[in-house]
């Protein structure tokens, strides 16, 4: 089956990026949000991103207009019922996702492929909230979606091999580089990234180095584009804590356990850049200042 029409559920940071990327690739897209206010906010973000691409010369005005024409927003879930593929990008709550997929399963024909953009939850458990587990995959995009090339394509033990290959081909059509992986908590990227980030926090707790020293060591010593604390603030300390908790509960290995400092910072609401404070103080976003934490 050739995927021509895509439904995206959620028009937040990830959902709007997925919808924009699909529309730019020439696909018809319907993106759904729970209310008009959130939908308008997401569509406005897409509009700004497209205009920015035009100003940079990465997109012509004609291409921008064609992208707009292929993208439609709605607050009605039933308007996604004739999509060939539906990608879920809502809050990382298992119960909410399962409820959503159960409703979509009743709305959509059996040919529709379902995918979740979850970064941490079980694809298998989500798949079995429907009657089409064999047509269910994970499509884990990375933020910001229009710029990041990687997509983790996740199969379960019951995913139809042909459906899985269709999902891989779909990611390639978006101009992405798909990597194939199986339904193991953390998939590839978070399985390797999260222990690294947690170890950086432990190193800080133990006095191995300061926040800027550890960041600069990994940037200059390993060639990383940003240090672990800058990355933690960008991803969100609450998000990292949530993923680490899921991984620790799955594997029961100490390397996945959230360090005490991370727990305290999340409890204090210091969630990183989005909160204005994390491992750095973002009172002046152009010149973040390391926090005194130990």
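The values are calculated or read from the model by the stated rules, or taken from the named source; none is laboratory data. Because the structure is predicted, anything quoted here is derived from the model rather than measured. As a convention, Cβ positions derive from the backbone with ideal geometry for all residues, glycine included, and neighbour counts pool all protein chains shown.
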Residue satisfying all of: in the range 170-189; in a helix (DSSP H, G or I) and in contact (Cβ under 8 Å) with a residue 24 or more places away in the chain; nearest to residue 227 (Cα to Cα) among these: 189
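Considering only residues of the range 180-201 that are crowded, with 16+ Cβ neighbours inside 10 Å and out of contact with any helix residue (DSSP H, G or I) (no Cβ under 8 Å at 6 or more places or on another chain), which is farthest from residue 170 (Cα to Cα)?
Ranking the qualifying residues of the range 180-201, first place goes to 193.
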Entirely in the range 190-261, the helices (runs of 4 or more DSSP H) that have 1 or more residues that are in contact with a strand residue (DSSP E or B) (Cβ under 9 Å, 6 or more places away or on another chain) and more than 18 Å from residue 290 (Cα to Cα): 237-251
Matching residues, the range 54-75, being without any contact (Cβ under 8 Å) to a residue 60 or more places away in the chain and within 23 Å of the chain's Cα centre (by Cα): 67, 68, 70, 71, 72, 74, 75
Condition met for residue 20 (modelled with pLDDT of 95 or more and within 24 Å of residue 172 (Cα to Cα)): yes
Filter result for residue 97 (under 22 Å from residue 194 (Cβ atoms) and without any contact (Cβ under 8 Å) to a residue 40 or more places away in the chain): yes
Extreme residue, surrounded by the most Cβ atoms within 10 Å (Cβ to Cβ), among residues of the range 123-148 that are at pLDDT 95 or above, touching a helix residue (DSSP H, G or I) at 6+ places or on another chain (Cβ under 7 Å) and in a loop (DSSP other than H, G, I, E, B): 145
Only listed residue being farther than 16 Å from residue 90 by Cα, touching a helix residue (DSSP H, G or I) at 6+ places or on another chain (Cβ under 7 Å) and not in a loop (DSSP other than H, G, I, E, B), chosen from 151, 158: 151
Meets criteria (within 23 Å of residue 236 (Cα to Cα), in contact with a strand residue (DSSP E or B) (Cβ under 6 Å, 6 or more places away or on another chain) and in the same structural domain as residue 28 (by TED's automatic domain parsing)) for residue 176: no
Test set (1) within 16 Å of the chain's Cα centre (by Cα); (2) modelled with pLDDT of 95 or more; (3) within 24 Å of residue 91 (Cα to Cα) - residue 177 fails condition number: (3)
